[in-house]
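The values are calculated or read from the model by the stated rules, or taken from the named source; none is laboratory data. This one's a predicted model, so the numbers in the text were calculated from it and none came from an experiment. Here Cβ is always computed from backbone atoms with ideal geometry, including for glycine, and neighbour counts include all displayed protein chains.
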Amino acid sequence: MRSIYLLLFMIIVVFEIILFGDIGSKIALLYERKSIYIAVYYTLVTFLGFFSVTTFFFVKNKIIFTFFVLVLFLSYGIDLVYKAINHTGFGFNDLGIALNGGAAFAMEALSSYASEIQSVVLILLGLLFILVIIRSIVIKKKLFISLKKISILFIITLLLSYSITHKTTAESQSRPTLFKVLNTSIYFLFNQLYYGEREALKVTPSKLSSYKNIILIVDESVGGQYLSINGYEKETTPYLQSISDAYVNLGLASSAANCSDKSNIALMSGIQMNQLPDKSQQALKMPSIFQYAKNAGYRTHYFSAQKVGMDLQNYITNYDLLDIDNFSQLDKPYTHKSMPEQSIILATQKALEKNDKNFIFIVKRGVHFHWENDYPVSEKYFVPTLEQNEPLLLAKKKEALNSYANSLKYNVDLFFKYFLEKIDFFTRKDTLIIYTSDHGQSILEEGRVATHCDSTTPPKTQGIVPLLLFSNNSVIRNFDFKTNRYSHYEIFPTIQKLMGYETLRGKTLFDEVFTKQEFISGDIFGRGHVEFTTIK
């Protein structure tokens, strides 16, 4: 029995070392940065975890064994797929994305990363074949261990390994993968975010608002450097170039984060970079942009083309809806029409028809992967492209870039052609449109297939976004703005200022002192791994 146990133990350890390769480096890093005691503790807990996983193969009960194998291989599958995509594996941020709206793009993810998923399945089938042989030997020779002993070892190991997760706020995880995935899930369960009313707004505007209508458009996955108005070689924005007198182009800006929900909550709450990571969850408690707008006499609107019905996203809660007069999302899953994002355009047109002051927050569907699915065939200008639902492969970077460029041309350039026309923008002196994207896009860079939301060493392109100000007002048009100097963090204070407030959350787009151009990756609330990346 001892030889079978050791053989199985070594197979599992070697399997994890070969595929993940982070056990030895993690121990060495802890020894270097922390202490020998912490490194030893981590080592002991890690190997105790491997012993616990090995022991489960000697359980007699078939139902318990089958359930264990399913959980084990599910955890392996999750971690290996994420490692193939982001080079680091499954972490707290990935779980948060999956549970907070990730299901909306699940099919796109499956098609885009089909190659990585297939490779992982083949690897796991090979491991399963080996383990089935060993399990058959255990059954044949009746080399069973009592369930009581197995359970005690598992509970002790889970508690000890979770202590590492808890102490490091899920940033550091011990191996094996089974305990890593379990502990991440447990930590997420016991560390839920604040859900309740926002603080009451205690300030009032001291000046008249500068605009009757303020529209904030937050696109999806639009990398600023891929717009031809910013110098990209492909003509992705010919319409915008033809109406350059209608807007001020602030060039390449940095997003608040490289993931949609984090950037959107930053834009809605006005949380500033120097307040991050937001461990006290002020972004969920401070008065929102909608409260400021209502307090300044604006009718508030929220239009989204990403979600259906009342399925909320981006940390919006039912309490936030109390400050939104007109909340509108899709009534059925999105489909392409001749007019890009028609629901948003028509909803905005209708809102502006009334003689009200309006603040409109728009979340576009935009250019989310799979890009070849995001525009109609009639709008294909750049070839060759990926096929619809074709996996993202490093060898197909040219095709991927063309698919992305086509999607940009349709979802950004053509969108604005219809949007500005339908809302009668060119005859309005009372309307300001602020346009940006939630985050940028990395397209098969650094050997990665992940396009955004990497929590560890993300490419800086994931935080590079456009920033445009559309206005027929000479005050905006003639102001001496700089280029390539701004970030998402100036947008909230700018809107406050234009609504007539003097007490602002931070620097505005009109200030000469600029916020540093960097974005946060990982969990904005300080759970799990967090990094800051400068875009230039």
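Below are the figures for this structure:
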read-out: Hits in region 230-265 (condition: farther than 18 Å from Gln462 by Cα, assigned to a loop (DSSP other than H, G, I, E, B) and touching an Asp or Glu at 6+ places or on another chain (Cβ under 7 Å)); value: Thr236, Thr237
read-out: Residue in region 28-42 that is closer than 23 Å to Ile130 by Cα, assigned by TED's automatic domain parsing to the domain that holds Ile137 and of a type in the set (Val, Ile, Thr) present; value: no
read-out: Residue tally, condition assigned to a loop (DSSP other than H, G, I, E, B) and of a type in the set (A, V, I, L, M, F, W, C), over region 383-429; value: 5
read-out: Residue identified as in contact with a Lys or Arg (Cβ under 9 Å, 6 or more places away or on another chain), basic (Lys, Arg), within 20 Å of Ile145 (Cβ to Cβ) and surrounded by 14 or more Cβ atoms within 10 Å (Cβ to Cβ) among Lys60, Lys26; value: Lys60
read-out: Single unsatisfied condition, Leu432 versus (1) in a helix (DSSP H, G or I); (2) hydrophobic (A, V, I, L, M, F, W, C); (3) at pLDDT 95 or above; value: (1)
read-out: Selection from region 248-295 of residues that are closer than 21 Å to Ser455 by Cβ and basic (Lys, Arg); value: Lys262, Lys279
read-out: Single match in Leu420, Leu386, Leu394, Leu352 (criterion: over 29 Å from Gln496 (Cβ atoms) and crowded, with 18+ Cβ neighbours inside 10 Å); value: Leu386
read-out: Enumerated strands (runs of 3 or more DSSP E) restricted to region 266-382, each holding at least 1 residues that are free of Cβ contacts under 8 Å to residues at least 40 places away in the same chain; value: 299-308, 326-330
read-out: Residue within region 359-379 that is crowded, with 17+ Cβ neighbours inside 10 Å, among the polar types (S, T, N, Q) and under 30 Å from Gly500 (Cβ atoms) present; value: no
read-out: Residue match in region 487-505 (condition: in contact with a Pro (Cβ under 6 Å, 6 or more places away or on another chain), among the basic types (Lys, Arg) and either in the same structural domain as Ser288 (by TED's automatic domain parsing) or under 30 Å from Lys285 (Cα atoms) (or both)); value: yes
read-out: Lone qualifier among Glu446, Glu512 - being within 29 Å of the chain's Cα centre (by Cα), in a loop (DSSP other than H, G, I, E, B) and among the acidic types (Asp, Glu); value: Glu446
read-out: Subset tally (residues that are of a type in the set (Ser, Thr, Tyr), more than 23 Å from His370 (Cβ to Cβ) and within 25 Å of the chain's Cα centre (by Cα)) for region 396-435; value: 1
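Per-residue answers, yes or no, for (1) among the acidic types (Asp, Glu); (2) more than 19 Å from Pro238 (Cβ to Cβ); (3) touching a residue at least 60 places away in the same chain (Cβ under 8 Å):
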site	(1), (2), (3)
Pro384	no, yes, no
Asn389	no, yes, yes
Ala400	no, yes, no
Ser403	no, no, no
Tyr410	no, no, yes
Asp413	yes, no, yes
Phe419	no, no, yes
